Amino acid sequence: MTAFLNHFVFEFKTGLRNSNNLLMNYLFPLGFYAMMGLIMTRIFPGFDQVLIPAMIVFVAMASSLLGLPTPLVEMREAGVFRSYKINGVPAISILIIPVLSTIFHTLIVSAIIFLTAGPLFGGAAPVKTLPFVLITLLVAFNFGAIGALIGVISANSRATVLWSQLIFLPSMLIGGLMIPISMLPPAVQPLTALLPSSHAMQAFLGLAYGQPTVFNTTVSIGVLITGLLVSFGLAIYLFNWDSKNNTRRGNPLLALLALLPYIAGIFLV
């Protein structure tokens, strides 16, 4: 337990000292939040009602999708994981500690947004605090698991950018952050169920804000929980200690199984 805590503290401090991690965990999310608070709340009526949940989902995506995978790949390529294996560190610890560290940074920034959105930009507070907190934790863990899976299957740092953007960009465009899902064309709305951000926003709006939703919020919660478990389970199974090791436990294409909960969501929401 002591070794685990020491490793976690080291990872957490790295997120503050490393310039790239500091950018993705704090500067980029908070800068985007300030821009959205200043601009979107004035040009898009009603955005103040979703400012807090939308920015929390954005923070989770930025930290976990853009910030988490690359260090995992770089450590594997540098042989750090190989030294961990020699010293008996289990694979699950190697994955869960960076994920928990990233989640911790996400929650800190989320707390800043929650406390400042109202006074600074008139952001609406949730009507139910407990569901809001629980959904925030679920969203942070969900994207953390996806980020870990991307880091595990990516052959190099460039690949992490590709896989991350395949989720990040559609989430920004049609995932309910900038444009409500209800305003999208009817033919597009079911397809947004492929995105974790869509389920996150629907869960926030329905359960924490008491607003009408397009998706069944119970289904969205189930999809997020299942997606979290499948993504992290696959990350552990596909974990590779050494980039020079050509033999691995499973084909990286198995990571596509992480899509199954979201594909099922299309037919259930």
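What follows draws every value from the coordinates through simple rules; no lab data is involved. This structure is a prediction, so every number in the text was calculated from the model and none was measured. Neighbour counts run over all protein chains shown; Cβ positions are idealised from the backbone, glycine included.
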Determine, from the Cβ-Cβ distance of residue 83 and residue 256 and an R0 of 35 Å, the FRET efficiency 1/(1 + (r/R0)^6), rounded to the nearest 0.05. 0.70
For residue 38 and residue 266 in the same chain, what is the full-extension length gain: residue separation times 0.36 nm, less their Cα-Cα distance, in nm? 78.7 nm
Just want the ordering: 66, 257, from fewest to most Cβ atoms lying within 10 Å of their own Cβ. 257, 66
For segment 9-268, report the convex hull volume of the alpha-carbon atoms normalised per residue, in Å³, without decimals. 121 Å³
Hey, in the GNM for the chain with a 10 angstrom Cα cutoff, which one of 164, 83, 101 fluctuates hardest? 83
Please identify the helices of the chain, taking whole runs of DSSP H, that span at least 20 Å along their own axis as judged from the Cα atoms and have a mean Kyte-Doolittle score of -1.0 or higher. 2-17, 28-43, 91-121, 129-153, 157-174, 217-238
Using label points projected 7 Å from each Cα along Cα→Cβ, tell me how many nm separate residue 9 and residue 182, to one decimal. 4.9 nm
Which of 199, 105 has the fewest Cβ neighbours within 10 Å, and the rest in rising order: 105, 199
Taking Cα pairs under 8 Å and at least six residues apart, what relative contact order does segment 9-268 come out at, in percent? 23 percent
Can you tell me the FRET efficiency between residue 155 and residue 229 if r is taken as the Cβ-Cβ distance and R0 is 35 Å, rounded to the nearest 0.05? 0.90
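What's the extension gain from residue 93 to residue 133 if we count 0.36 nm per residue and subtract their Cα-Cα distance?
So the chain would gain 11.8 nm between residue 93 and residue 133.
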